[in-house]
Amino acid sequence: MEIYLVVIFVMLAFGGGITAMFVLNNSMLKSKADRIIKDAETQAEITKKDKMLEAKERFLSLKAEHEKEVQSRNAQIIQNENKLKQMENTLKQKTDAAIKKDQELESVKQSLNSQLETVKSKQSEVDKIVQNQVKQLEKIAGLTAAEAKNQMVETFQEEAKTEALSRIKEIVDEAKLTASKEAKKIVLSTIQRTAAEHAIENSVSVFNIDNDEMKGRIIGREGRNIRALEAATGVEIIVDDTPEAIILSCFDPIRREIARLSMHRLVADGRIHPARIEEVVNKTKKQIEEEIVEIGERTAIDLGIHGLHPELIRMVGRMRYRSSYGQNLLQHSREVANLCATMAAEFGLNVKLAKRAGLLHDIGKVPDDDAETPHALLGMKLAEKYKEHPEVVNAIGAHHDEVEMTSMISPIIQACDAISGARPGARREDSENYMKRLKDLENMAMSFNGVEKAFAIQAGRELRVMVESDKISDEQAELISLNLSTRIQTEMTYPGQIKITVIRERRSVNFAK
């Protein structure tokens, strides 16, 4: 029992101790919390005072800045007002000055008007005096003022024309002195260094046979063989009384050559009938085409020209069977190519381009499908089509002045073409065209005023013009020579060059009786 009491006592003591400890701890915590709260309130009060001081300082600073900005703006406004007042004063002064000048100008204008009226009155008096003097002069001279003016104008025109003619003569003479020597040197050197053969082409060929019996076999029964030959070749075959000869007539040398070779094969073979004729002619045509290509290639190799289009090579070969005024076209083109190379070398130009243009300059004469286009323009189109150099294309088109020359090679091609065609014996022309050209030369010379007689001599290479000495002066004779040469160049076609000589002769004849 006592034990229970002790236990209870202990438990009560323990509970009271715990309670006392709890109460003591609670009071300590409460005092500590009060102290913390008091410290926080003190710190908050201090922070509040600091913030208020800082805000007050910031307010005072902003207020000072604002007042400073306001003062600056007020000063600027005052300055602008001063400037405006100054500008207003200046404008007022200028306005006053302008009004003053207007008043002065008005007074000057009135003064000038009065002076102008005075001048007009004096001018009318002067005009009357001049008219009176003109009438007196017309009465004395027997001429009106218009007639005298026309005479003066004519006199001035004659003087100006005479002076111009003398000036033209001086310029031409000076140009001849400076250019003639070097030009002659280059042309003569070119001609002398280039040798060429000249054989005039004919439009007929003679086929020789061993005996006249072969003529009958060629003609065939009722002429069927000769008709088959003419139909297959396009050549007129003339069988006449000429011993051991048959004439082949055609203006196309290729057809003529095909006919000649075909007849040679037929005669050598002995079998002559229409079917065999057609077979031989077809074989001969193929052979001629192959020879044409071979001739073109050989020509290009001989001249050192590379990179020609195959079609241009074929056209060069076809030149072998073309002629111009009886001059073989291929020989003419080869000669022009060599002449151009020599002349281009003398001038320091591109020799290869010059030689190429010289060979191709008459390429437009080969095609038969375009008879309306001039051969120079047709050749230019072909060269352009087959991608030739622009200078070569221009030289081909300009060698007869069909287009404007744009390079130094073009006039060289033109000059060398004239040199080749003007060689003695190089070309021929029929008598009808020859006589017509001579007559045209004389008629053209006679169309000029003051020309008395005109004579075409030296086979049309020279034109002698006789003028009337009482109508034409020496200067006018020089002008006639110049104008006549220009007209001949632009209106006529001729090989080589033509010398124009204008002769003015004055004779005084008296008889002693």
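The values are calculated or read from the model by the stated rules, or taken from the named source; none is laboratory data. Keep in mind it's a predicted model, so treat the numbers as computed, not measured. Neighbour counts run over all protein chains shown; Cβ positions are idealised from the backbone, glycine included. Calculation scope for accessible area: heavy atoms of the full protein, side chains included, ligands and nucleic acids excluded. Shrake-Rupley method; radii C 1.70, N 1.55, O 1.52, S 1.80 Å.
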Would you mention how many residues in region 339-356 are part of a helix (DSSP H, G or I), closer than 18 Å to residue 393 by Cα and open to solvent by 50 Å² or more (accessible area, probe 1.4 Å)? 2
If you scan region 457-476, which residues turn out to be open to solvent by 20 Å² or more (accessible area, probe 1.4 Å) and under 11 Å from residue 499 (Cα atoms)? 457, 458, 461, 462, 464
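Per-residue answers, yes or no, for (1) touching a Ser or Thr at 6+ places or on another chain (Cβ under 6 Å); (2) within 17 Å of residue 407 (Cβ to Cβ):
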position: 338; (1), (2): yes, no
position: 341; (1), (2): no, yes
position: 349; (1), (2): no, yes
position: 372; (1), (2): no, no
Among the numbered criteria (1) within 30 Å of residue 409 (Cα to Cα); (2) open to solvent by 70 Å² or more (accessible area, probe 1.4 Å), which one does residue 289 miss? (1)
Quick one: which of 37, 3 is at pLDDT 75 or above and either assigned to a helix (DSSP H, G or I) or open to solvent by 100 Å² or more (accessible area, probe 1.4 Å) (or both)? 37
Keeping to region 477-513, report how many residues are open to solvent by less than 60 Å² (accessible area, probe 1.4 Å) and of a type in the set (Phe, Trp, Tyr). 1
Residue check for residue 271: over 24 Å from residue 335 (Cα atoms) and modelled with pLDDT of 80 or more: no
